[in-house]
Every structure is written in structure tokens, then in C-alpha cells.
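The values are calculated or read from the model by the stated rules, or taken from the named source; none is laboratory data. All values reported here derive from a predicted model rather than from experimental measurement. All Cβ positions, glycine included, derive from the backbone under ideal geometry; neighbour counts span all protein chains shown. Each accessible area value is taken on the protein alone, full model and side chains, heavy atoms only, with ligands, DNA and RNA left out. Shrake-Rupley method; radii C 1.70, N 1.55, O 1.52, S 1.80 Å.
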Amino acid sequence: MTKVIEVNNLTKSYRGATAVDSVSLAIEENGIYGLLGRNGAGKTTLMKLVAGHELASTGEISVYGASPFENSAVLANMAFIRESLRYSENYKIGHVLKAAKIAFANWDDAFAQSLVDKFQIPRKRLVRKLSRGQLSAVGVVVGLAARAPITILDEPYIGMDAVARKHFYDILLADYIKHPRTIVLSTHLIDEVADLLEHVFVIDQGRIILDANTEDLRGSAAVIEGSTESVDDAVAGFVILESQTIGTQKRVVAQGLKAEDAARLQSAGLAVKPATLQQLIISQTNMDSSEKVEVA
Amino acid sequence: MTTLPIQQQTLVQRLWKVVGINVVRPWVLVLPLVIMTALFLVTGILSWLTIAFVPADGQLWFSPEFFLIIFLFLTANQTIYHEYAVSLSFGISRSDFYFGSLLNFALQSIWYAVVCLSIAAVTGSFFLNEFSGVGVTNFVSLIVLFIGTQALAASTTAIYLRWGKPGMLTFFGGLALVLVALPVLAVSDLGSELPTLNSETLTMLETNVIGSAVALILITLGYLIIRKASVR
């Protein structure tokens, strides 16, 4: 696998406020990456920097081995779709698709038209008069049909309802299998996208606090539930990411359990199940943001 | 690092791509003609009705050409403002977007200059103020006027894109100061020593050269401003 995006010690500050703080990461060719974090964590700023929409305060960004900022050769390989992207006042969906067809070398018009029908975007209504969900669907259609070698999707589906989002995830995965490319998805709806992602970056207060392969991450922690006393005895020696006590019952998210540990705890009457990506990430973001978690 | 999957296009291809995006709604090219025709007819009817009040030289102060200049300013402003974020999101660089849009403005200027001169060839000064016949100098003069108008719109919009409302307030504040200072300067002793620039002392050629220089300065300033503008 070869790296297509490399970010080294990247910082972006706005009048004293640091939106992205000493971020370093690498993204390899052809994969679905998740950039996860709470609202205001720095996801959009980081994506804007990678797409050349902003200039970094310090640090380096390399896309296909060159800086993306004002680099036509690099930018021709990228699509950056944001939920907040506003189109021309008098555009209808047809105008947006026509502009995208001109802009993107790999544009698939038949696929775009089928997506417009699938997401039930009104063709005769002005884009500015579409509902938030429909406007999100416009971004999704462009992002998918562009088939850009690097597709960055900054929560474009956030205004869509649950059914439309499920359609989006299914279509994204099916299209990715047919046309592999590098896709970076930012979201705070972690559980919804968990099955799509091959690798996750978790950003919190501008810093990357987790950089891990999703499979490794899933196997790295478990949720243990039982009486407070037995749970306390059982988890001694493990790293506790999160702990919650309700009455006499306790629930912990513990890191570092092996299969034999899980079997031993289960035989002792405790409920043990793998932690979901969302549970893990919530645990991590509750920690001190200066602690970057390493997952083997 | 892997090599680029999509190879870079030539400069002309890249700029032409932006022109295509600019005119995704071709109606923007037709609308001014429709309104100009309507205004032309209305102006004609009104002047015919009030013929006794029209000055002896037959010159009208408000003509379709005047409307066209306002229209071009507004459409250039809207093009730069609305299509900047979309174009950058669609993988186009700022430079390509800016110069591609200017190529579009230049082509539109030529198109409207042809239209204006064609109508004026039939109607004379009834359509164009200061009309002195169909010729290369007049043709160039109209193109310079139209491009200059659009360059002004592009550069002022670039200020907004780069610095937002504070930038616009500073710009218009500065402009207001200049507009106040100029008449003061003109009546002062210093003003009397400056060379006089007005349409009566300048030839059409000189006007075109000065107009082109102003347009070029505006285009350059616009580029310097927009090349580091963030996408909001």
C-alpha cells in the first residue's frame, strides 16, 4: 500500500485559538477512513487543510507527494464535499450535476442520475429551496458520482434521515468495492459508520488522540458487566477506559483483555462483550486529550 | 507516495473547464439581451413621447448600455461569490477559478460589444451614449469598459472572500475617503497643477489605454487577494 496523504506536525490557529494542533497522520491509497470526533473537535479544519481550502499555520501536508495548496495537478484528483456547501442561488440539481460533470474527470452521469432518483431529490426545485436533507443528498450524489481518487466527505449526509443515511452507507460501500478509491469520511455518528471504516482517526480539541485500524481497535477492548464487587476483582490489572456504576451493578470498558481472560470472566458469571467503536471512542475522548492511545 | 491517477490538464483546458461551470445556466447569457431589448423599446417609446424634452443633440442619459454595465457588475460579483466554494470543492485551484472566470468575462465582453455595436449601427446614438460610429476603436472601447466593470466586481468580491465584512467596510471606507478627497484636491492649488483627465481632452485611444491599464491593475489585485482566501 502506498501513502496518498501525509500530514506532519500540522497546526492551524485562528487569532490565538488552535483548531488543529500538531497533527500527524498518513492515509494510504484505496481505503475508507473515518475522521471521528465531537462537534468543534477540528475535523472540518483538518479536512479543509488537506483539500487546500486553508493555509496551515505550521506543518506540512503532502498529497500525492506535493502540497495541495494551489496545486492544480493534485486538486484535480480530489473532491471535498461539505454539508455546509452552498451552491449558486439559481441552480437546480441539473445545474449542479452539469458543473460536476465538467469538473470531475471520472464523473459517472448515469450513476448520478440514478442517485438523484434514489434520494428523491426534486429536479425542478431550486437547490436553495431544498430541505436540509435533500441538500445533504445533493452533496452525497456529487461526492459519490465524482469517483475522485481522493474523496473527502465532511458530514454531507448529516441532514439526511436514518433511512436515507442507510441508503448512503450501502451505496458508498457497493460503489467503493466496484471502484476502489481513497475515501475520508468525517462524522460524529460513529456506530452508523463503524462497519464501513477500515481505519479511524479520532480528533479531540484539535489533536489526534486515536489512530488505529478498525479491526485492531474492535478487538482491543471489552465491556464487562456484573456486580460491582465481582467486576472490581475481575478487571484488576487491566486498563479501564470507562466505568459506570448503577446501584449494585457495574459496567466497565477495559482494554487489553485476551480471549482466555474473557472466557475466565464469563465463567465467573460476568457478562463480557466486545466494545463497540462508539464506546471505545467515547472512552478515549473522555481521557486527557494529550494522551494518544496506541493500538497494536 | 503513489503517482497521480488523473493527470493534469493543460492551462487552456483548466480555464475552459471553469468557463463551462460559469455558464452552466446559459440563461445568464440571454437574460441581459432580453432586458436590453425591453429597455431599448421602453426608452424609445418614452423618448418618442417626450421628444420635445430631449436635448438638441438627441443624447439620452439613460441607455440600455448603462443597464448592461450594472448587469455585468452584478453577474461577475455573483459568479465569483457563489461559485468560488463550489469550484474549489470540485477540485479546481483558486488561480484556475479566478482566471477561468475572467476568461468567461472577457468572452462575454466581446459578445456584448458585438451586440451593442450591431444595434448602434442601426440606431446610432439612440442606443449608445457617445456613439461615434462602428469601428475598431469603439469596439475595443466597449470591451475595455465591460472587462473593467467585471474586473472591478471580481476584485471587490475577492476582498469579501478573503476578509469578509471587515474587509468590505475598510474597502468602502477607503473608497469614500478618496471620493471626498478628489473634489477637494481638484479645487486646491495642488489640483490645479495636475494634468487634466477628462473625455474632452483624451482621445479614444488614450482612454482605451488608460482603461486597459486600470482593468489590468484590478485583475492583478483581485488575484493577489483571492489566492489566499479561505473557503467559508
Exactly one of these conditions fails for A:M47: (1) within 7 Å of chain B (Cβ to nearest Cβ); (2) open to solvent by less than 30 Å² (accessible area, probe 1.4 Å); (3) not β-branched (V, I, T). Give me its number.
(1)
Result of the Cβ filter at 6 Å on the range A:100-117, keeping first residues that are not assigned by TED's automatic domain parsing to the domain that holds A:P180 and partners that are crowded, with 18+ Cβ neighbours inside 10 Å and modelled with pLDDT of 95 or more, at least 6 apart or interchain, is none
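Which of the residues spanning the range A:118-137 are in a helix (DSSP H, G or I) and open to solvent by 70 Å² or more (accessible area, probe 1.4 Å)?
Result: A:K118, A:R128, A:K129, A:R132.
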Do you know which of the residues in the range A:11-28 that are in contact with a Ser or Thr (Cβ under 7 Å, 6 or more places away or on another chain), under 25 Å from A:I282 (Cβ atoms) and not small (G, A, S) is nearest to the other protein chains (Cβ to nearest Cβ)?
A:I27
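The rows are residues; the columns are (1) touching a residue at least 24 places away in the same chain (Cβ under 8 Å); (2) at the interface with another protein chain (Cβ under 8 Å from one of its Cβ atoms); (3) of a type outside the set (A, V, I, L, M, F, W, C).
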| site | (1), (2), (3) |
| --- | --- |
| A:N77 | yes, yes, yes |
| A:L85 | yes, yes, no |
| A:K92 | yes, no, yes |
| A:I121 | yes, no, no |
In the range A:32-80, how many are farther than 25 Å from A:L277 by Cα, polar (S, T, N, Q), part of a loop (DSSP other than H, G, I, E, B) and within 22 Å of the chain's Cα centre (by Cα)?
1
Of the residues A:L115, A:L173, which is outside any strand (DSSP E or B) and open to solvent by 20 Å² or more (accessible area, probe 1.4 Å)?
A:L173
Hits in the range A:176-193 (condition: open to solvent by less than 10 Å² (accessible area, probe 1.4 Å) and farther than 24 Å from A:Y64 by Cα):
A:T187, A:V193
Of (1) within 14 Å of chain B (Cβ to nearest Cβ); (2) farther than 22 Å from B:L88 by Cα; (3) open to solvent by 10 Å² or more (accessible area, probe 1.4 Å); (4) not basic (K, R), A:G31 satisfies every one except (3)
How about the range A:206-263: which strands (runs of 3 or more DSSP E) wholly inside it have at least 1 residues that are surrounded by fewer than 14 Cβ atoms within 10 Å (Cβ to Cβ), of a type in the set (F, W, Y) and in the same structural domain as A:A26 (by TED's automatic domain parsing)?
none
Against the condition facing chain B (nearest Cβ under 9 Å), under 24 Å from B:S93 (Cβ atoms) and free of Cβ contacts under 8 Å to residues at least 24 places away in the same chain, how does A:V96 come out, does it pass?
no
Residues of the range A:57-99 satisfying the condition of being small (G, A, S) and surrounded by fewer than 24 Cβ atoms within 10 Å (Cβ to Cβ):
A:S57, A:G59, A:S62, A:G65, A:A66, A:S67, A:S72, A:A73, A:S84, A:S88, A:G94
